[in-house]
Amino acid sequence: QKASCFPAVALAPPPGAHVIDGCAAPGNKTCHIAALMGGRGSVVAFEQDARRHQLLKEQMALKGATTVTTVHGSFLDADPKDYAAVTHILLDPSCSSSGMSTSPVRDPAGIAALAAAQKTLLLHAMTFPSVRAIVYSTCSVYDEENEMVVRDVLRAQSRFTLEIALPFWPRRGKLLATDEDDDDDADDDEGHD
């Protein structure tokens, strides 16, 4: 779907960048990243499922994505020191598929487990020493997997801040009630010494 092109465009890795696609199969976003970089630089694409990793490898060969190296393994097992040159990371992790599936995960416990895994992936991405940009995307419409994951991850660390992705695109995520409360508190604090 066209919306699946947004994450790579939002990441916007320049030619020559070193990129990780942490949840890569089947590889459409991976190829898109390589194409955006004009075939210069490198993309390391992780996929832990054996069947999906084989599909990923086949897709990279079919599409001529020669700057992509596939890794059969979990992104969480990647040692940031081994990828010290990586500047950009794309994470499109497993999710409820509530934005596109006719049978999404609806069970609150299942959604909570997915959100916990998503937070773990994001926090791991933030430990890579040279990373400057991380794009996180899902095909979920649930706050628990989108706004709430981003909010919780931002609160759990201090190295990264939220940037407006795709400023030309009019649709935005929504502010959570607690975010609005935080913003109100920040505004109140600005007026006091």
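The values are calculated or read from the model by the stated rules, or taken from the named source; none is laboratory data. Remember, it's a predicted structure, so these values are computed and weren't measured experimentally. Every residue, glycine as well, gets a Cβ built from its backbone with ideal geometry; the counts of neighbours run over all protein chains shown. Side chains are part of the model used for accessible areas, which takes the heavy atoms of the whole protein and leaves out ligands, DNA and RNA. Shrake-Rupley method; radii C 1.70, N 1.55, O 1.52, S 1.80 Å.
With +1 on the Cβ of every Lys and Arg and -1 on the Cβ of every Asp and Glu, and nothing else charged, how large is the dipole of the chain about its Cα centre, in debye rounded to the nearest 20? Before the final figure, lay out the partial values.
Values: 17 positive and 27 negative charges, 335 e Å.
Roughly 1600 debye for the chain.
Counting C-alpha atoms alone, how compact is the range 89-185: give Rg to one decimal and Dmax as a whole number, in angstrom.
That works out to 13.9, 40 Å for Rg and Dmax.
Taking 20 °C and 1.002 mPa s as the conditions, I'd like the Stokes-Einstein D for the range 84-138 in µm²/s, using the Kirkwood hydrodynamic radius from alpha carbon pairs.
On the way: Rh = 12.4 Å.
After rounding, the answer is 173 µm²/s.
What whole-number value in Å² describes the accessible area per residue of the chain for a 1.4 Å probe?
Numbers: 10890 Å² over 193 residues.
Normalised by residue count, the accessible surface of the chain is 56 Å².
Helices from the chain with mean Kyte-Doolittle at least 1.0 and a Cα length along the axis of 24 Å or more, per DSSP H: which?
Length and hydropathy pass: 108-125.
Rounded to the nearest percent, how much of the accessible area of the chain (1.4 Å probe, protein heavy atoms only) is carbon and sulfur?
On the way: 5850 of 10890 Å².
Of all accessible area on the chain, carbon and sulfur atoms account for 54 percent.
Express the C-alpha Rg of the chain as a ratio against the empirical globular expectation 2.2 N^0.38 Å, rounded to two decimals. Kindly include the intermediate steps, with their values, before the conclusion.
Values: Rg = 17.4 Å, N = 193, 2.2 N^0.38 = 16.3 Å.
That ratio works out to 1.07.
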